[in-house]
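These notes are about the structure you will find just below.
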Amino acid sequence: MNKTLCIMPKVKKMFQDYYILDEEVYTEDVVFAVRKEDAVLGKIIDKAVYKLRTQDVLDRVQRKWFLTSILEDALPRQFIYVWLAVLLSGIAGFFVFLFWYIHKHTRILVEVRTRELNVERMRLKTVLDAIPQYLLEVTPEGQVRLMNQRAKKDMNQNALCSGDAAVITQPAILQMIKTAKNDSFAQQEVEINQKIYRITCSDIGGLSENENVILLAEDVTLRRIQEKQNIQNNKMMAIGELASGISHESKNPLEIICNYCYALKKGILHKK
């Protein structure tokens, strides 16, 4: 059995006649040896050593009388340092793995959400491009920030925007934009270059911090021409019906007069 006696390095007076020494009394390994002839004594020593090891007697004695653990003295410092390094490496590896897993999971979620947003954006763009009216997002100063495909296609013909920067310069439309900023809604028909547009302006400031205005324009020139043509046709129909009624009402007394004239003429010829 190997045992190194360990004494605490500090000197501390525990009782009146007992002290803890600064240095160890005996630092060499202790060995119990018996002759081969003393087999009974060997068995007794082996049994005692076995009980000391299994029941932690040495460790308890060491803690009680020397305030230290035998296991601490038995383990080399390098062995303890290695285990500490392994433990710290394991903890660091765990946190690295946790960070990598969270980063990977977050990146996957971001990629999925980005794809969903792109799909929604394309769907919204398709819906806006399918609108037959001109849809524009303009600033309070008249600068066009966004327009649908119909407005881009007919930008040179619709006369709403001018220049490469797509700026609205018509005073009537600019006044409608200001009105929409104050009242959140404005609608009016404006005639531009012999075309009639029904303009609707809506403020989107309530939906976000954006101060821009949504402008919806519809070319109603053909509709207004058809309405005027229908009104003219209705007038002509009314005039025709009036003329027909007047002629009918005028023809009835003329027929009576004609009949009396015929009767008078026939009576005069026969001298009656």
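For the cross-link pairs Lys152/Lys181; Lys125/Lys178; Lys36/Lys64; Lys153/Lys178, the ones whose C-alpha atoms lie over 31 Å apart are Lys36/Lys64.
The accessible area of Tyr50, taken with all protein chains in place and a 1.4 Å probe, comes to roughly 150 Å². Couplings 3J(HN,Hα) for the range 189-199, derived from phi with the Karplus relation 6.51 cos²θ - 1.76 cosθ + 1.60 (θ = phi - 60°), are 9, 10, 9, 10, 6, 6, 10, 10, 10, 9, 9 Hz, where x marks Gly and Pro. Distances between placed amide hydrogens fall under 5 Å for Val220 paired with Ile196, Tyr197, Arg198, all partners being 5 or more residues away or on another chain. Modelled spin labels at His103 and Glu28, positioned 7 Å past Cα toward Cβ, are 5.9 nm from each other.
If the segment from Lys153 to Leu41 were pulled out straight at 0.36 nm per residue, it would be longer than the present Cα-Cα gap by 29.2 nm. Taking all protein chains together and rolling a 1.4 Å probe, Glu111 ends up with roughly 90 Å² accessible. Pop the C-beta distance of Ala48 and Phe79 into the FRET formula with R0 = 25 Å and round what comes out to the nearest 0.05. Using R0 = 25 Å, I get an efficiency of 0.35. Here the spin labels are modelled as points 7 Å beyond Cα on the Cα-Cβ line, and at Lys235 and Lys251 they lie 2.7 nm apart.
The values are calculated or read from the model by the stated rules, or taken from the named source; none is laboratory data. These numbers were taken from a predicted model, which means no experiment stands behind them. Positions of Cβ are backbone-derived with ideal geometry, glycine not excepted, and every protein chain shown enters the neighbour counts. Please note that ligands, DNA and RNA were not included when accessible areas were found on the heavy atoms of the full protein model with its side chains. Shrake-Rupley method; radii C 1.70, N 1.55, O 1.52, S 1.80 Å.
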